Amino acid sequence: MASPRNKTITVVLAVLGGTLGLHRFYLKGLGDWVGWLRPVPTALGWWGIERVLAYGQDDKLSWVLIPLLGLSMAMACLAGIVYALMDREKWNREFNPDHPTDAASGGTSWITIGALIAALMVGTVSFMG
């Protein structure tokens with residue numbers, strides 16, 4: 001029997017390291033190809049920020065690259081929001097099929113709620129920016 005995937009850990013990973021795909025690696029393992037694609041727009045966005053610092057705001061390439069970072073952050077926060085709002089039965093059916101549907105690993109704690117609030121704040125700011 002595989003170890004159960006904890007909802008709180010997943011939400012925290014999505015908020016803190018979702019731009020690097022950490023939540024996907026936690027849920028689906030290192031073989032998740034979508035998780036390996038997540039750092040690409042993040043790195044390009046950081047490169048755009050570096051270009052602005054080096055060449056100033058007139059650098060047209062940085063205007064294309066920087067929104068990739070914001071989009072990556074917004075996508076990671078959206079994943080955290082979706083996971084945090086998932087009920088226990090659905091979470092365990094989807095990510096813990098070997099465990100009972102009322103297993104504690106799919107439960108919501110205060111840490112989950114705090115991470116949800118952080119995802120809402122960071123995701124809104126990054127999407128609007």
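Annotations for the structure displayed:
- If the chain linking Leu120 and Ala54 were pulled fully straight, counting 0.36 nm for each residue of separation and taking away their Cα-Cα distance, it would gain 20.6 nm.
- Modelled this way, with points 7 Å down the Cα-to-C-beta line, the labels at Met128 and Leu61 are 3.2 nm from one another.
- Each residue of the stretch 58-67 is assigned a 3J(HN,Hα), and the resulting list reads 7, 6, 6, 5, 5, 5, 7, 7, 4, x Hz, derived from the Karplus form 6.51 cos²θ - 1.76 cosθ + 1.60 (θ = phi - 60°), x at Gly and Pro.
- Shape of the stretch 1-43 from the C-alpha gyration tensor: oblate (a/c of 1.5 or more and a/b not above b/c, with a ≥ b ≥ c the square roots of its eigenvalues).
Throughout, read-outs are computed from the coordinates displayed, never taken from laboratory work. All of these numbers come straight from a predicted model, not from anything done at the bench. Please note: Cβ atoms are built from the backbone with ideal geometry, for glycine as well, and neighbour counts cover all protein chains shown.
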